[in-house]
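Only one structure is covered here, and it is reproduced in the block below.
The values are calculated or read from the model by the stated rules, or taken from the named source; none is laboratory data. Only a predicted model underlies this, so the values are computations on that prediction, with no experimental measurement involved. Note that each Cβ is placed from the backbone with ideal geometry, even for glycine, and that neighbours are counted across all protein chains shown.
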Amino acid sequence: MKILHISTYYNKGGAAIAAKRLHEGLLKIGADSTFYSYYKPNINVTAKNVIWHSLPNKIKSAKIILENKLKLLKYPEHKKFGQYSANYLPSFILPVKIIEKFDIINFHWINAGFINIKELKKLKGKKIFWTLHDMWAFTGGCHYNEDCEKFTSSCCNCPILNSNKASDHAFDQFELKKEIYAELDLEIVTPSKWLYHEAKRSGLFGNRKIHLIPYGLDTEIFIPQNKNKLRSELGIEQNTFTILFNSANIYEKRKGVYYLIKSLQQLSSDISFQIILIGTANDEVKNELKNQKVYYIGSISSEILISKYYALSDVFVIPSLQDNLPNTMLEAIACGAPVVGFNIGGIPDTVIDGYTGNLVKLGDINELISKIKFFSDIDNIIYEKYRSNCRKFALEKYSLNVQANNYNKIYQQV
């Protein structure tokens, strides 16, 4: 059985990384898996069974810019680019000749100018699985709905577009998706319980077969290690309570950095700590944390290196306001770092309160401070039990082998 994974990116962003790991996991168990990436990485990568789209990346990037300008012209008051994918322009999709070679097509994240939903008609007759990494596939265009419930029936008057029209782009795209999906042999896979239930509630996937299969990761790379040795190696101060936060764009509102900053500013009066920030931080974030001891690491592409930062940290904080099943959270527990996060989305799938970390009521800064401080104050024996629980849970739930075999089961049912 020949499987083709289709993704905008190969190793950029959480969705692409999750898709790549699934592909690698399937290869390890002997499945015939191929990965098709719209963008080719700018750095050399070791990749097996990967097809790169032939169009130069510069042209693809220009297409995104053009799409965003079209959106701005039509909806000049819309909130911001990152929350809504319009997909106005024609796709640069796979040639049908390549598609015909595969028995199963597994879609992942296909935005950023990649696939116009109309192009899916070309896949009529093919067995398709769609691994959802956010909500876009069953909304009129938003990736996360915030508090809008229109996706449960039909999108219109889109709050992200700041549209006051019933028949706006969100409505048109929602209705187009409904029309296209009706012609497809399509099953859905969600990594988190939250996204499973949101897909079930949606007006587009409510009657579809939906599978719940969490992400996987290489638990031989993401491993607990000696903290003191790692801190010495990476220049991180010893014997200081260390908090880790990791997000591609640290300043992204949805990732909740505002709550992290506020909690750290207040926490500094109670305990001594240092924070490691992995990802891109803007000047506003740096200014807010100017009185704290912060290590700005920037973006890290090496899984071996990033695993060291997880392993040397005392706690990983993830104050996301809405999220699926963040890879960062799985990486943290696999390395033995307990997690503190808001009780939203897929966070409680992994953060088992009092076992692998602590859950916090959404937006409660005082509770967030208390739950972070908990890991600074507890007895070392109790702390080591948390670390052990994290590793055990990661091995049971999130190893590549577990994920790949679960996918292989649903593929084999076709």
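Test I210 against the criterion of being at pLDDT 95 or above, under 22 Å from P319 (Cβ atoms) and not hydroxyl-bearing (S, T, Y), and give yes or no. So I210 fails the test.
Each row is one residue, and each column tells you yes or no for (1) of a type in the set (D, E); (2) under 17 Å from A112 (Cα atoms); (3) surrounded by fewer than 19 Cβ atoms within 10 Å (Cβ to Cβ); (4) under 17 Å from the mean Cα position of the chain (by Cα).
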site: M1; (1), (2), (3), (4): no, no, yes, no
site: I6; (1), (2), (3), (4): no, yes, no, yes
site: A15; (1), (2), (3), (4): no, yes, no, yes
site: Y36; (1), (2), (3), (4): no, yes, no, no
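Residues in the stretch 377-395 that are surrounded by 18 or more Cβ atoms within 10 Å (Cβ to Cβ) and either out of contact with any Pro (no Cβ under 9 Å at 6 or more places or on another chain) or of a type in the set (S, T, N, Q) (or both): N389, F393, A394.
Within the stretch 380-414, the set of residues being outside any helix (DSSP H, G or I) and either modelled with pLDDT of 95 or more or under 17 Å from A332 (Cα atoms) (or both) comprises Y398, S399. Applying a threshold of 6 Å to beta carbon distances and a minimum spacing of six or more residues, or different chains, the list of pairs starting in the stretch 67-79 at a residue that is closer than 17 Å to N111 by Cβ and ending at one that is surrounded by fewer than 19 Cβ atoms within 10 Å (Cβ to Cβ) and at pLDDT 75 or above reads H78/N162.
Under the condition of being modelled with pLDDT of 80 or more and of a type outside the set (A, V, I, L, M), which residue from the stretch 38-51 is surrounded by the most Cβ atoms within 10 Å (Cβ to Cβ)? Taking the candidates together, the pick is Y38. Scan the stretch 146-175 residue by residue and report those that are closer than 19 Å to P76 by Cβ and of a type in the set (D, E). Scanning the stretch 146-175 gives D168, D172. Residues in the stretch 156-188 that are touching a Ser or Thr at 6+ places or on another chain (Cβ under 7 Å) and exposed (fewer than 13 other Cβ atoms within 10 Å of the Cβ): 0 in all. Restricting attention to the stretch 354-367 and to residues that are of a type outside the set (V, I, T) and closer than 18 Å to P214 by Cβ, the residue that is surrounded by the fewest Cβ atoms within 10 Å (Cβ to Cβ) turns out to be Y355. Exactly one residue out of I250, I221 is under 15 Å from A311 (Cβ atoms) and either assigned by TED's automatic domain parsing to the domain that holds T350 or at pLDDT 95 or above (or both), and it is I221. Within the stretch 241-264, restricting attention to residues that are out of contact with any Leu (no Cβ under 8 Å at 6 or more places or on another chain), surrounded by fewer than 21 Cβ atoms within 10 Å (Cβ to Cβ) and touching a residue at least 24 places away in the same chain (Cβ under 8 Å), which residue is nearest to V360 (Cα to Cα)? Ranking the qualifying residues of the stretch 241-264, first place goes to K262. Among the residues of the stretch 19-30, those that are touching a strand residue (DSSP E or B) at 6+ places or on another chain (Cβ under 8 Å) and crowded, with 19+ Cβ neighbours inside 10 Å comprise A19, K20, R21, L22, H23, L26. Listed by first and then second residue, the pairs linking a residue in the stretch 113-126 that is among the basic types (K, R) and at pLDDT below 90 to a residue that is in a helix (DSSP H, G or I) and crowded, with 17+ Cβ neighbours inside 10 Å, with Cβ atoms under 8 Å apart and 6 or more places separating them unless they lie on different chains, are K118/I180; K121/I180. Residues that are among the charged types (D, E, K, R) and at pLDDT 95 or above within the stretch 11-37 comprise K20, R21, E24, K28, D32, listed in sequence order.
Looking only at residues in the stretch 351-379 that are part of a loop (DSSP other than H, G, I, E, B) and of a type in the set (A, V, I, L, M), the one that is farthest from the chain's Cα centre (by Cα) is I378. Among strands (runs of 3 or more DSSP E) entirely within the stretch 268-350, having at least 1 residues that are surrounded by 21 or more Cβ atoms within 10 Å (Cβ to Cβ) singles out 273-280, 315-318, 339-342. When residues in the stretch 128-155 are screened for being among the hydrophobic types (A, V, I, L, M, F, W, C) and either free of Cβ contacts under 8 Å to residues at least 60 places away in the same chain or surrounded by fewer than 18 Cβ atoms within 10 Å (Cβ to Cβ) (or both), 7 of them pass.
Filtered by the rule that a residue be more than 16 Å from the chain's Cα centre (by Cα) and part of a strand (DSSP E or B), the stretch 172-222 gives D185, L186, E187, I188, I210, H211.
Scanning the stretch 110-127 for residues that are surrounded by 17 or more Cβ atoms within 10 Å (Cβ to Cβ), touching a strand residue (DSSP E or B) at 6+ places or on another chain (Cβ under 9 Å) and not in a helix (DSSP H, G or I) yields I110, F114, I115, K126, K127.
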